[in-house]
Structure formats: C-alpha cells, structure tokens
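Bear in mind that the values in this text are calculations on the coordinates, not laboratory data. Since the structure is predicted, the reported quantities are computational estimates derived from the model, not experimental observations. Using ideal geometry, Cβ is built from the backbone for each residue, glycine included, and neighbour counts are taken over all protein chains shown.
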C-alpha cells in the first residue's frame, strides 16, 4: 500500500491480486451465496480503497484496514436486504434455514455425495443464522486467521468483547451442528 | 457381564442390595481436580477440533478472472474521475473567458481612452465592409478637425462639392 501511495501503480495490481479472492470469500460467507452482485461488491471495496489512497496511514495492517471497508459494506448490504425482505414477505424459506441463501449448493459436484452436501448445507445454514457481529467475528477468526485484536479493530469493538463473541458463536454452532459431531468424529 | 439385581436377590437380602452396597462404597466419583480438568480439556479440544473440521467443509470458489475485472473497474473509475476533473477545469476556463470577454466589451460603451478601447476590440471581431469603406471619410473628418476652425469646418461640411466651381469664380472676382 505504501508503494502504491508513492506512485507505484503495479503495487495496486499486486494488492488486488492478493486480496480480491479473500474479499470475495468474506462477502460470500457473510452475505450468503444467494446474495446478488457479490463480485460488484468486491469492485466497490477496491474503488473505496482507490478513493482512500491518500488518507490511508500505515498504522494498522493493510488487511485489517481492508476488512474494515468490507465490514461496512456488509452492514450496508444487510440493512438493504432487511428492507428488501420486508417488501417480499412471500419469498419461500426452506425448513432448514438454507432457503434462498444457498442456491449454488444445487450445482455441487455430485461425486461429493449427498451426505457431504448435507453437512455443508447444514454448516452454511448454521453460520448464516448467527447474529451479524458473531458471524463476521467467527468468519474472520476461522477463515481469515485474524487475531482477536485485529477483529476488534475491524468491527470497532474491544478485544474482550470479540473473545466472548467468538466463544458464543462457537457454542451456538456446536449446538446447531451437534447431530453432525458423531459422524465427523468417527 | 453384570448381573441384574432383580435376578440375584442375594442370600439374605432384597433385590438389588448387592449393587447398592457396592455403590455405597463410592457414592460420588472421586476424581481429582486435575483429572477432571484433563477430561474436560480433552473433551473440549475434541469438540473444537470437530467443529473446526465441520467449518472447514465450507469452501468458497473465487470466480475466475476476478482480480482482472476489479482492476478494469478501478481503471475505468479512475479515467472517469480524471475526465470529470478535466471537464471542471475546461468549464472553469470557459467561464473565465466569458468574464474576460465581458470585461473587454464594457470599455467600448463607457468611453475609456482610445488606445485601451482598440486594444480590447482587436482580435474579437473583424471590421465590417461598411466600416472599411467609411475609413477615408473618417480620416477626412479627422483632418478637418485638426486643420480648420469650427466655422470653416461647418462651411466645408455644408457646401456641396459641386459648388466648388462657384467658390472659384468668387475668388477670381476678388
């Protein structure tokens, strides 16, 4: 980021190469696979990075700063989705909570097997049902290897609060995924 | 295999007495704190391992060429913003030009010195054919103003050039 601020345009290319996939994965896990325009949101994230080029101060890690932008976009999208869902009350919701959030599971490789597909569907549904803050915290911790302190910086909270949040999220997930535990432990 | 107490009433007791006596020897499991902690830790770490394994099944496939499309979008946005900036500069320049032109025209109607007036007009508008045709006359008027006094100038302007012959005859008569 520093190199790019000094005028090295190639550095921006490297940033996009390195982080666009991670941003896409974070948006996908947080918003769900049915969310329209996740790729557009990745572009939106990097356009904000471009606009904030001059303002960025290297006090924090670039990834932490980037995930802060992603988190803000996630919150905006969640609020927008909430407004949309108020309008469309007739939208079908399946019993397992997967509903419209996980449509690409249908396209899963059939060789993976039905049992595995069930496991993945249940895991995704369990993550999707977590409250927003718990969801982003567990996703950043589990899939992006951020420390409690870094997650606290991203969501604007304290390290202790994040620790407790992740603990609660794991407890909730464990309870919801309990039926899968025996199968997975064998 | 443990025998069921109901089937083995014992020699002189009631059904299940033997088992109750056995349990009575150790009514509570006497596990040390350390042992309990070890069991708890092992269970929770096993739980954590299984949970992490389950969460690990959720993989995200990143669309092919995503980075390239993001870079292209950033490039387009940058160009758009540059054009917008250039557009603003051009608009500001055009506005400035209009202001300057307006300021340049004002002296024509407010009687500023001749030099300043001609300086402001030069280059903005070509003189018309009528003006060019009238230039000799204007030069003549200028000559009249400089060379004759007001009375003579008035007579000169009032006399038709065709009367020039009459004036010559008068002079000859003198």
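Key figures for this structure:
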quantity	calculated
Cβ-Cβ FRET estimate between residue B:95 and residue A:13, R0 fixed at 45 Å, reported to 0.05	0.70
Nearest-0.05 FRET efficiency for residue A:147 and residue B:47, computed from C-beta distance (R0 22 Å)	0.50
Simple label model, 7 Å out from Cα along Cβ direction - residue B:33 to residue A:6, nm	5.7 nm
Computed E for residue A:53/residue B:83 - FRET, C-beta separation, R0 22 angstrom, nearest 0.05	0.75
Point-to-point label distance, residue A:61-residue A:168, nm (Cα→Cβ direction, 7 Å offset)	2.5 nm
Separation in nanometres of the label points that stand 7 Å from Cα toward Cβ, at residue A:129 and residue A:40	3.1 nm
